1. Please work out if Ile155 is under 30 Å from Ala39 (Cα atoms), in contact with a Ser or Thr (Cβ under 6 Å, 6 or more places away or on another chain) and not basic (Lys, Arg).
2. So which residues in the stretch 234-260 are open to solvent by 60 Å² or more (accessible area, probe 1.4 Å), of a type outside the set (A, V, I, L, M, F, W, C), in contact (Cβ under 8 Å) with a residue 60 or more places away in the chain and not in a helix (DSSP H, G or I)?
3. Has the stretch 56-72 got any residue that is free of Cβ contacts under 8 Å to residues at least 60 places away in the same chain and assigned to a helix (DSSP H, G or I)?
4. Have a look at Val135, Val93, Val160 and point out the one that is in contact (Cβ under 8 Å) with a residue 60 or more places away in the chain and either open to solvent by 20 Å² or more (accessible area, probe 1.4 Å) or part of a helix (DSSP H, G or I) (or both).
5. Residue by residue through the stretch 266-284, note down the ones that are open to solvent by less than 70 Å² (accessible area, probe 1.4 Å) and either in contact with a Pro (Cβ under 8 Å, 6 or more places away or on another chain) or in a helix (DSSP H, G or I) (or both).
6. Only residues that are on the phi > 0 side of the Ramachandran plot and out of contact with any Phe, Trp or Tyr (no Cβ under 8 Å at 6 or more places or on another chain): list them for the stretch 58-85, please.
7. Given the condition hydrophobic (A, V, I, L, M, F, W, C), in contact with a His (Cβ under 8 Å, 6 or more places away or on another chain) and open to solvent by 50 Å² or more (accessible area, probe 1.4 Å), answer yes or no: does some residue in the stretch 57-68 qualify?
8. Would it be correct to say that Val117 is of a type in the set (Val, Ile, Thr), under 25 Å from the mean Cα position of the chain (by Cα) and either assigned to a helix (DSSP H, G or I) or over 27 Å from Ser256 (Cβ atoms) (or both)?
Amino acid sequence: MTEITAPMDSKARRRRRWLSRRRSIFIGGLLVGLVLLAAILAPLLSPADPYEQVLSDALLPPSWDHPFGTDDNGRDLLARVLYGARLSLLEVVVGVGLAVLVGVPLGLAAGTIGGLVDQVIMWTMDVLFAFPGVVLAILIVSILGPGLFNLLIAIAIFSVPVYARLMRNVALGLKSMDYVEAARALGASTPRIMFDHILRNALGPVIVQSTLTAGTVVLSAASLSFLGMGAQPPMPEWGAMMSDGRNYLGVNIYMSLFPGLAIMLTVLGFNILGDGLRDLLDPRS
């Protein structure tokens, strides 16, 4: 019995030691995991339909029937916050995904090929960088029109330069490595060098940046929805919910408080998780 339990104790001790050294990953992963669980289990955890209006129950404070209270239309705030997690995670997946799919290949081509290709791509990225992210997103949404889909496109566009510059810098450092020079000397084509030797070894920084960008996406989407340029009523989007609640701060602060706390915890979780992944994937640590 002691021979069996001893390895189990040592494994548990190693896990505790690993978690103690990687607290950022544990805490950030826990916060992000809670948001993910809220989004997945929203139909089970929600006490009511997030779209159901009961005007006689408008602006109620928290109670057993409505743990977060109700909004100005009598809709349950807990249900809307839970379903709002789905929209926020959708914004993260689509916004970050589009930015990665566009920015990483552009940066990879600029850093590996160089020359005129590098200049044209980086000049384009510099033009996008000249605008503050939210201002550029407002400009794009103003052209395309308000709506969740147009908001995601705008967020992806102002996030593309981040990944293009990151990938270019990583590619410039990797293409001078010995194994890349050896592959080139053996006759490997430029696309093979780009994807087999450079991109594969650049996934760590891209993953870290994606995690950090996720918090920015949630905050930017909430800000634009707060201004009426993102998700439109009656969608349970956290920024739009805070915008609805600002007219009732003197009567019912909970309409803005709970969506604001959800945004804060989500952004905090992604930022802490990104810091932990950066330390974990850093070869010097």
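The values are calculated or read from the model by the stated rules, or taken from the named source; none is laboratory data. Just so it is clear, the structure is predicted and the values come from calculations on it, not from any experiment. Because the Cβ atoms are built from the backbone with ideal geometry, glycine has one as well, and the counts that use them run over all protein chains shown. For the accessible areas, the whole protein counts, side chains as well, though only heavy atoms, and no ligand, DNA or RNA atoms are used. Shrake-Rupley method; radii C 1.70, N 1.55, O 1.52, S 1.80 Å.
1. Details: under 30 Å from Ala39 (Cα atoms): yes; in contact with a Ser or Thr (Cβ under 6 Å, 6 or more places away or on another chain): yes; not basic (Lys, Arg): yes.
Here the answer is yes, as Ile155 does meet what is asked.
2. Result: Pro234, single match.
3. Yes; the residues of the stretch 56-72 include at least one that is free of Cβ contacts under 8 Å to residues at least 60 places away in the same chain and assigned to a helix (DSSP H, G or I).
4. Val160
5. Thr266, Val267, Gly269, Phe270, Asn271, Ile272, Leu273, Gly274, Asp275, Gly276, Leu277, Leu280
6. Of all residues in the stretch 58-85, those on the phi > 0 side of the Ramachandran plot come to 59, 69, 74.
If the condition is that a residue be on the phi > 0 side of the Ramachandran plot and out of contact with any Phe, Trp or Tyr (no Cβ under 8 Å at 6 or more places or on another chain), then Gly74 is the only one that fits.
7. Taking every residue of the stretch 57-68 in turn, at least one turns out to be hydrophobic (A, V, I, L, M, F, W, C), in contact with a His (Cβ under 8 Å, 6 or more places away or on another chain) and open to solvent by 50 Å² or more (accessible area, probe 1.4 Å).
8. no
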